[in-house]
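Readers should treat all values here as calculations from the given coordinates under stated rules, not as data from a laboratory. In this text, all values refer to a predicted model and were calculated from it rather than measured experimentally. Backbone-built Cβ (ideal geometry, glycine too); neighbour counts: all protein chains shown.
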């Protein structure tokens, strides 16, 4: 069996706010909220979701925390923040600074200012408005990922 991660879904408190953050502030392309005609109830999740197709073909989707919890059958408290980080690879060192500044300006939090690491990257961290942690990474020459 071939392992292939095709989508990452982030649970968010407010779909419209998160859409503005990722699409309008960070420049990711999305048609907006789709599936809103599928209304949830106390036990069944709704279908409203935001999807971004990334350059790699992976889908980044945003789903209301309560609906994601219902869909997965877990407590809503489990769908919060980020005990891991997502990596955003950029092609230029200055892009690290630009992405971090755009994220901060749009309502995200600068978690760690960028710095050059001895293993060959220039990187910094931000958190989106829901606390999802992102590392923005530029690979210095001779340190490209395999």
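Which whole-number percent is the relative contact order of the chain (Cα, under 8 Å, 6+ apart)?
On the way: 275 pairs, mean separation 29.9, N = 146.
Taking the mean separation of contacting Cα pairs over the length of the chain, I get 21 percent.
Extending each Cα 7 Å along its Cβ direction at residue 36 and residue 140, get the distance between those two points in nm, one decimal.
Here the answer is 4.7 nm between the modelled labels.
When you count, for each residue, the other Cβ atoms within 10 Å and take the mean per peptide, how do 117-125, 130-138 rank with the highest first?
Details: 117-125: 15.1, 130-138: 19.7.
Final packing ranking: 130-138, 117-125.
Tell me, what is a quarter of the convex hull surface for the C-alpha atoms of the range 53-124, in nm² with one decimal?
Numbers: hull surface 26.2 nm².
Taking the Cα atoms of the range 53-124, their convex hull projects to 6.5 nm² on average.
How many angstrom separate the Cα center of the range 29-44 from the Cα center of the range 76-109?
So the separation of the two Cα centres works out to 25 Å.
PRE reach from residue 98 (point 7 Å along Cα→Cβ): which of the range 37-56 fall under 20 Å by backbone N?
It comes to 53-56, nothing else.
Please give the calculated 222 nm ellipticity per residue for the chain, where each DSSP H segment of at least 4 residues contributes -39500 (n - 2.57) and the sum is spread over every residue; nearest 500 deg cm²/dmol? Spell out each step's value before the answer.
Numbers: 3 runs with 26 residues, N = 146.
Roughly -5000 deg cm²/dmol at 222 nm, from the helical runs in the chain.
What nm distance separates the two modelled labels at residue 115 and residue 4, each placed 7 Å from Cα along Cα→Cβ?
4.0 nm
Using the scaling law 2.2 N^0.38 Å as the reference, what is the normalised Cα Rg of the range 21-64?
Details: Rg = 12.1 Å, N = 44, 2.2 N^0.38 = 9.3 Å.
The value comes to 1.30.
Once every Cα of the chain carries one equal point scatterer and solvent is ignored, give the base-10 log of I(q)/I(0) from the Debye formula at q = 0.09, 0.10, 0.13 Å⁻¹, two decimals.
With no solvent term, the Cα-only Debye profile gives -0.31, -0.38, -0.63.
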